Every structure is written in structure tokens, then in C-alpha cells.
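Novice: Got a structure here, written out as C-alpha cells. Questions coming.
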Amino acid sequence: MAAKEATVYIVDLGASTADCHSGRIESDLDFGMRYVWEKIAITLSNNRASDRVGVIGFRTDQTAHQLDAEEYPNISIIKPCESIKMSHLKELHRDIKPSETNDGDAVSAIVVAIDHIQQATALKDGKPGKYKRTIVLLTDGQGHMDPDGLDESGGIDFDDKEYGFKEEDKSEIKVFAEAIEYLSMPQVKPTRPYSCFQGKLSLGNWKEYEETALYIDVNRYFKTKQKKPESASTVVSRPTKGAMSGQSSSHTIGGDLEMDDAPAFNGDMAAVKNDRVYTVKAAEDDSTAENGKLTVDRDELAKGYAYGSSAVAISEAEQNIVKLETFAEFTIIGFIPWDKYERYLNMGESCITVADSTNDKARLALSSLIHSLHELESYAVARLCRPVRKGSEEGKDPEIILLAPIIDNEIEALVDVPLPFAEDVRLYKFPPLDRVITTSGAVVKTHRNLPNDDLVEAMSDYVDSMDLSKFGKNEYGKPTEYMPIEDTYSPVLHRINQAVRRRATHPEETNVGDPADVLIKYSHPPQDLVEKAASALDALKQAADVKQVPPKVKGKGKREAIKPLSDLKIDLLLNSRRREKISPDNSIAEFRQMLDHADGTDNAGLLRDAAKQMGDIIVELIQRHAVGTSAGTTEEQAVENMTVMRDAMIEYEEPELYNKFIRPLKRDLLSGKMGENRTRLWFKVKSAKLGLIDDGTSEKSPVSAEQAAEFLGSKAAELPTRSK
């Protein structure tokens with residue numbers, strides 16, 4: 001368990017702290033308080049009631065503390081050393097401001113802080129409690145200070161040779177300084193490992209075969225654990241009595257907000273309590289139904305499992321039959337050589353298994369197993385069923401894990417990672433990257449889609465020129481790794497924490513500031529390295545014949561005809577008349593010819609007419625095949641006509657003309673209205689992706705991508721069978 005912490009911040013509030021130095025536009029006090037606010041925010045985020053925070057100001061206008069006021073003047077306890085809450089931050093923002101005086105001694109403030117933190121952390125009998133006590137002094141160094149011990153002190157804008165900071169022409173009282181920028185470095189706290197299994201690691205059934213089977217008493221702990229960002233909670237402003245109804249109902253699901261027993265947050269916020277209501281469709285003659293629905297209890301519902309796009313209901317009795325009953329166990333079921341194992345099979349977080357520290361026989365037995373695996377260069381495969389609760393013999397769902405030996409001077413253990421079951425593995429076949437296999441089976445080594453020797457060499461040179469392994473510099477100026485793993489941090493995790501802390505300590509600000517440089521440092525390659533590799537990149541572009549792709553131009557409602565060099569109106573010479581009718585025998589060409597005249601004042605009417613005629617021709621082609629008059633290529637012709645019609649409506653920004661056509665067509669195909677065995681044609685339409693035009697394809701469409709995907713799907717009852 002982590003030690004309890006008590007911290008007292010001594011803040012210099014002298015009149016001189018209102019000044020600005022070193023080219024800053026914020027005062028010395030505000031600049032130095034960045035450190036205090038950050039540290040207080042970290043304490044708040046730890047959410048430990050035992051931690052205590054106190055704030056003492058010196059060079060203040062008043063004197064308020066427990067010691068002699070005449071001996072220690074101009075020192076005030078702004079916040080006693082107690083647990084801190086969000087409400088305290090408002091009071092601190094109000095009280096921490098530059099005073100009207102420069103009288104007061106920092107060393108005297110330290111004496112007051114020592115006495116205060118001792119009393120705040122003492123037990124009832126006066127003995128000191130088990131606390132980690134810390135006193136932090138924040139000062140600009142402009143006030144009176146006892147010179148003893150200044151060599152080990154630091155403050156705002158003090159010189160620091162290691163950091164490389166030096167301020168010229170400053171007062172002689174300043175000696176050293178610590179830069180505040182280190183606050184941007186994420187604070188990484190290693191968590192104490194906790195046990196996820198305590199029992200016997202067995203090889204064979206030791207309960208039945210005691211002579212031939214073996215078991216070892218072990219403890220299994222998490223070795224790596226994913227840290228996720230802080231999750232947000234849905235909260236509402238705490239209303240006054242009598243103002244509850246209607247105001248916050250939009251924050252709930254299926255019911256009104258209940259505040260009486262909702263957990264409270266700091267300030268005026270309260271958690272939202274959700275109330276779910278389950279309804280089913282009622283019979284038409286049911287007079288008790290409201291809006292055609294009946295409210296049912298959750299106990300009356302059955303669990304359903306997704307099977308494709310259908311829901312399969314399984315009752316509780318049936319579920320008990322199919323549920324696998326397991327017992328808590330940790331059993332080795334096999335071994336595998338190192339070189340036969342594929343690393344991509346690793347799944348999830350790793351754990352470490354060690355012998356029971358109080359059992360010497362178990363330590364010796366596990367050490368023998370670990371050394372055997374290491375000498376034979378093998379892994380062990382084990383079946384693990386963790387207990388549902390501590391001390392229970394009932395097990396959770398089984399896991400298959402891979403055990404790897406680890407041996408160093410301090411520990412001998414087995415490190416494990418989860419393995420997939422057969423149902424978790426998906427095998428996909430991709431064409432080879434180094435050759436092309438034709439439809440006849442011939443293997444082609446030289447092809448336009450394969451890299452040639454010049455391209456491979458250019459790519460190799462470019463990769464070498466972007467090498468980061470020796471691009472960094474260590475403290476002695478020698479080449480080293482540019483991006484060591486210990487200096488990389490999760491931008492999502494630490495950026496969210498930074499934003500939350502900033503919002504907590506400065507709620508009046510409109511933004512949470514820019515992300516820390518250390519979080520975005522490795523999001524782009526270093527500029528010096530990019531410039532160094534520029535020549536290799538140019539050679540790669542030339543070898544790969546890279547050309548810029550022009551941006552895709554969306555339809556403007558009218559196609560631009562190619563202008564001939566002679567400026568002659570070719571379209572008018574060849575086709576001076578506007579086409580009014582589309583014939584089924586030449587539908588695609590005449591449809592496009594009809595759209596070429598969409599340049600007048602009645603574009604919408606012409607497009608509607610063209611779309612209607614093309615739609616009628618498509619329906620005629622489908623019905624012609626349905627009655628058996630032509631079973632050859634009519635389906636393919638109908639799909640081709642639909643493709644041309646859909647593309648045209650996208651180009652002329654009239655997506656609803658196509659959508660109004662495809663909706664009833666799907667209904668008629670699947671319902672059998674257009675003839676038997678028409679479901680097959682709908683699957684051809686799906687394969688060609690000729691569904692609704694969504695707003696991602698055309699900005700004029702009111703159909704979302706989700707709606708378009710749902711429309712293109714089919715229910716299980718609509719799937720074709722051999723009998724159809």
C-alpha cells in the first residue's frame with residue numbers, strides 16, 4: 001500500500017511577484033504557481049482521502065499562524081494541511097494574489113510550515129503519523145532571506161548550469177533556478193503488482209495420479225497492464241428543490257432523473273441515474289397498450305445472440321446446458337520449441353508466475369522447470385481457469401497461455417501471454433509480393449506491379465537514411481538511440497490527464513492549452529533527419545515513377561464537354577435535336593445523350609424524365625427474364641443500366657432520383673412481386689454496390705452511411721436456398 005502523503009506549499013506573495021521577467025507576459029507569481037497547480041491537480045487525481053495538502057503564504061499583508069506573530073510576521077496559513085477538494089481550488093485562486101508589502105522571511109515561513117505539517121500529521125496522542133512529509137518553497141528571491149543554506153535553494157529564474165539557463169543583469173540575491181518546463185514531463189507511477197492466481201501449477205492430474213503427476217505452489221501476477229485514459233462521467237447541475245421536473249430528463253434513458261440517491265460530485269454537480277424501460281409490440285386488439293407497445297419486466301426477456309443479422313434467443317435453462325463448467329486450475333498441457341512458435345499469436349497482457357515464497361520445495365521445483373525449458377529452448381503451453389472469487393473452486397472460462405522462462409540475477413519466473421483458440425484465428429490468402437501468378441498458373445517474376453532492382457535499392461537506401469537508432473545524442477555527445485522506449489509516452493493518456501488537471505485548476509479558461517512538447521515530439525520525424533534523407537527520397541520517387549494524383553472533382557450538376565481546337569460546336573452538328581425518348585435496345589447511349597442536354601432552365605425536369613425512363617427499362621429487363629423470354633444476359637444488362645443511372649445521378653447531384661428508384665425495386669425483388677427466384681438478382685446488385693447513394697458519396701443526399709449499409713443488407717429469411 002502506498003504511503004500517505006502530506007505536502008505544504010510555501011508561496012511568496014510579496015509585491016515584487018506581480019512583476020514580469022525574462023520576456024514573459026505573465027507575472028512571476030502566476031508563472032511559479034504553474035508548479036503548485038500541477039502538483040495539487042495530481043494529488044486530486046489520485047483520489048486518496050488520506051493525502052493532505054496545505055498552502056502557506058509569506059510576505060503577506062496579514063499574519064495568521066500558530067506560532068509567535070511578532071517573531072514570524074507577514075506569514076499566513078491560506079489552507080490548512082488537510083484533504084483537498086475541488087471546492088478548495090476556488091478559495092485558493094481567490095487568496096493567492098500579490099500583496100502590498102515585501103516584508104517577510106522565507107526561512108521563517110519554513111519554520112512555520114514544519115511546525116504546521118507536524119501537527120497536521122500527528123496522531124491523537126501527539127506521536128507522528130505514518131506520512132511522507134514534503135515542504136515546497138516557491139519564491140522569486142527578491143525579498144529578505146537568511147543566506148544560510150542558499151546554495152541548495154532554487155526559485156523562479158535562478159541560474160541552472162545543467163539546464164542551460166542564465167539570466168543576465170538580475171539581482172545578486174538570485175543564485176540558482178529550476179526550470180518549470182519539467183512539469184510537462186508525464187508523471188509515471190509504477191503500480192504495485194497484484195495477484196491474479198494463487199494455487200498449483202500442475203503437470204498431469206495430480207489428484208488421481210499422485211506418483212507420476214507433479215504440482216508446484218505458485219503465485220501469478222500481472223507483469224504488464226494496459227493503462228487506459230480516465231473515463232468521463234455523465235453529470236448534471238444539481239438543481240434546487242422544486243426545479244427537478246422536466247429540466248434534466250434529456251440526460252436519462254427511458255425515465256426521469258432521480259437525484260435523491262444519486263452519488264454526488266464536488267461542487268454543484270451530481271451523477272445521472274438512468275432508468276431503462278423495455279417494451280414489446282402489442283397486439284392490435286390490446287386496449288392496455290400505449291402507442292402500440294407494452295411495457296415488460298426485464299425478467300420476462302430472453303437473452304439473444306447475434307447470428308449474422310438475426311437474433312437467436314436462448315432461454316436460461318438452455319444456457320445452463322451449454323455453459324462449460326470449469327474448476328480453478330493451472331495445468332501444463334504441452335510444450336513447443338522456440339523456433340516453432342509464431343510471435344503474432346500473442347494476445348493480450350502478460351503475467352509472471354513465481355513460486356510461493358514460503359515454500360522452499362516449490363521454489364526448487366519451479367527453478368528446475370524454468371532451467372529445463374531454457375536449456376531445451378522450449379515454451380510450455382498451459383490451460384488456466386482462474387477462480388471466480390478468491391478461495392473458490394469454481395473456475396471462470398478457460399484460457400490457453402504460453403509460458404516462457406525468464407532467468408536473471410534477481411528472479412527466476414515464467415512469463416506468459418494469452419494464446420488464441422482455433423475459433424479466434426482467421427486465415428486470409430494474399431497474392432505473393434515477389435511474383436505474379438497468372439490465371440493459367442504461370443509464374444511471372446518481372447511485372448509492372450512488382451518492384452524492380454532499382455526500386456528495391458532506392459527503397460533500401462531511403463530506409464537507411466531515415467535510421468533513428470543512432471540519430472540521438474547522449475550526455476557525452478556520442479550517437480545514441482533517438483527515441484528510447486522509456487522516453488516515449490502515450491499521447492492520448494497523458495494529454496487527457498493534462499487537460500483534466502488544467503480544467504480542474506483553471507475552470508475559467510476557455511481552453512486547456514497546447515499539448516506538451518514531449519507528447520508530440522515523436523509524432524513527426526526530426527527535421528534534420530528529413531533534410532538529410534531528402535536526396536534518397538528524390539531517388540526513390542524517381543525509381544518508383546511517383547506522380548501526383550489530381551484531386552477528385554465532384555459533380556457540379558453539369559458535365560463539361562471537351563472543347564475542340566477548332567471551336568466548332570461538334571455536338572450541335574451531330575445531334576442538334578434534344579432526345580425525348582430512350583429505347584430499350586440502346587438505353588445506355590441514349591440515356592447519356594439525353595443528359596447531355598441538361599444545360600437549360602429545366603435541368604431538374606429533364607433529369608427526372610431520364611431517370612424515370614431508365615428505371616422503367618431496368619424493370620422491363622428484369623421482368624423479361626422473370627417470364628423466361630430471355631434468360632441470357634438480361635440480368636447483367638439490368639445491373640449495367642443501374643450502374644450508369646447511379647453514376648449519372650451522383651454526377652448531376654440528384655441522388656434522390658436514384659434512391660427513390662432503388663427502394664421499391666429491392667422490395668419488389670425480395671417479395672417475389674417481379675417473379676420467382678428474383679432474390680439472386682438482388683445479390684448481384686449488392687455485389688456491384690448499387691445501394692442507396694449516401695451523404696459521403698453525394699453531399700445532396702440525406703441518407704447517412706449507416707442507413708445505406710443497413711439498406712444493402714439482407715435478413716436471413718431473404719437468403720436464397722437450394723429449393724428456390
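The values are calculated or read from the model by the stated rules, or taken from the named source; none is laboratory data. Keep in mind that this is a model prediction, so the values were computed, not measured. So basically every Cβ, Gly included, is an ideal-geometry build from the backbone, and we count neighbours across all protein chains shown.
Novice: Checking Tyr462 against (1) modelled with pLDDT under 85; (2) within 32 Å of the chain's Cα centre (by Cα); (3) more than 30 Å from Gln226 (Cβ to Cβ); (4) not aliphatic (A, V, I, L, M): exactly one of these is not met. Which one?
Specialist: (1)
Novice: Something else about it: Could you count how many residues in the stretch 419-436 are in a strand (DSSP E or B) and either within 30 Å of Ser350 (Cβ to Cβ) or of a type in the set (Asp, Glu) (or both)? First the steps, then the outcome.
Specialist: First, the residues of the stretch 419-436 that are in a strand (DSSP E or B): 419, 436.
This time we only want the ones that are either within 30 Å of Ser350 (Cβ to Cβ) or of a type in the set (Asp, Glu) (or both), so: 419.
Residues flagged as in a strand (DSSP E or B) and either within 30 Å of Ser350 (Cβ to Cβ) or of a type in the set (Asp, Glu) (or both) within the stretch 419-436 amount to 1.
Novice: Could you count how many residues in the stretch 514-540 are in a loop (DSSP other than H, G, I, E, B) and touching a residue at least 12 places away in the same chain (Cβ under 8 Å)?
Specialist: 5
Novice: Name the residues in the stretch 437-451 that are in a loop (DSSP other than H, G, I, E, B) and either closer than 13 Å to Ala544 by Cα or not polar (S, T, N, Q) (or both), would you? Steps first, answer last, please.
Specialist: Step one: list which residues in the stretch 437-451 are in a loop (DSSP other than H, G, I, E, B), which gives 438-442, 445-451.
Residues satisfying the conditions are Gly441, Ala442, Lys445, His447, Arg448, Asn449, Leu450, Pro451.
Novice: Could you tell me whether the stretch 355-372 includes any residue that is in contact (Cβ under 8 Å) with a residue 60 or more places away in the chain and touching a helix residue (DSSP H, G or I) at 6+ places or on another chain (Cβ under 7 Å)?
Specialist: yes
Novice: Then there is this: Could you list, in sequence order, the residues of the stretch 17-48 that are farther than 20 Å from Lys90 by Cα and buried (at least 21 other Cβ atoms within 10 Å of the Cβ)?
Specialist: Thr17, Asp28
Novice: Those residues that are more than 24 Å from Arg133 (Cβ to Cβ) and over 36 Å from the mean Cα position of the chain (by Cα), I need them from the stretch 75-98; list them, please.
Specialist: Arg94, Lys97, Pro98
Novice: Ok, one more. Scan Arg24, Arg48 and give me the residue that is outside any helix (DSSP H, G or I) and free of Cβ contacts under 8 Å to residues at least 12 places away in the same chain.
Specialist: Working: Arg48 fails: free of Cβ contacts under 8 Å to residues at least 12 places away in the same chain.
Every option except Arg24 fails the conditions.
Novice: Moving on. Taking Asn497 as meeting all but one of (1) in a loop (DSSP other than H, G, I, E, B); (2) at negative phi, write down the number of the exception.
Specialist: Result: Asn497 passes all but (1).
Novice: On to the next question. Does the stretch 691-707 hold any residues that are under 12 Å from Asn659 (Cα atoms) and loosely packed, with under 15 Cβ neighbours inside 10 Å, and which are they?
Specialist: Pro702
Novice: Go through (1) assigned to a loop (DSSP other than H, G, I, E, B); (2) among the aromatic types (Phe, Trp, Tyr); (3) in contact with a Cys (Cβ under 9 Å, 6 or more places away or on another chain) for Phe31 and report which single condition fails.
Specialist: Here Phe31 meets the rest and fails (1).
Novice: State all residues of the stretch 465-496 that are surrounded by fewer than 13 Cβ atoms within 10 Å (Cβ to Cβ) and farther than 30 Å from Ser231 by Cα; if no residue qualifies, say none.
Specialist: Asp467, Ser469, Lys470, Lys473, Asn474, Glu475, Tyr476, Gly477, Lys478, Pro479
Novice: Every residue in the stretch 27-41 that is among the small types (Gly, Ala, Ser) and farther than 19 Å from Ser83 by Cα, please. Lay out the reasoning, then the answer.
Specialist: To start, the set of residues in the stretch 27-41 that are among the small types (Gly, Ala, Ser) comprises 27, 32, 41.
Within the stretch 27-41, Ser27, Gly32 meet the criteria.
Novice: Leu89 is checked against (1) in contact (Cβ under 8 Å) with a residue 60 or more places away in the chain; (2) loosely packed, with under 15 Cβ neighbours inside 10 Å and fails just one. What number does that condition carry?
Specialist: Just one mismatch for Leu89, condition (2).
Novice: Residues that are free of Cβ contacts under 8 Å to residues at least 12 places away in the same chain and either of a type in the set (D, E, K, R) or under 23 Å from Ala213 (Cα atoms) (or both): does the stretch 331-341 have at least one? First the steps, then the outcome.
Specialist: Taking the stretch 331-341 first, the residues free of Cβ contacts under 8 Å to residues at least 12 places away in the same chain are 340.
Next cut, either of a type in the set (D, E, K, R) or under 23 Å from Ala213 (Cα atoms) (or both) only: 340.
Yes, there is a match, as at least one residue in the stretch 331-341 is free of Cβ contacts under 8 Å to residues at least 12 places away in the same chain and either of a type in the set (D, E, K, R) or under 23 Å from Ala213 (Cα atoms) (or both).
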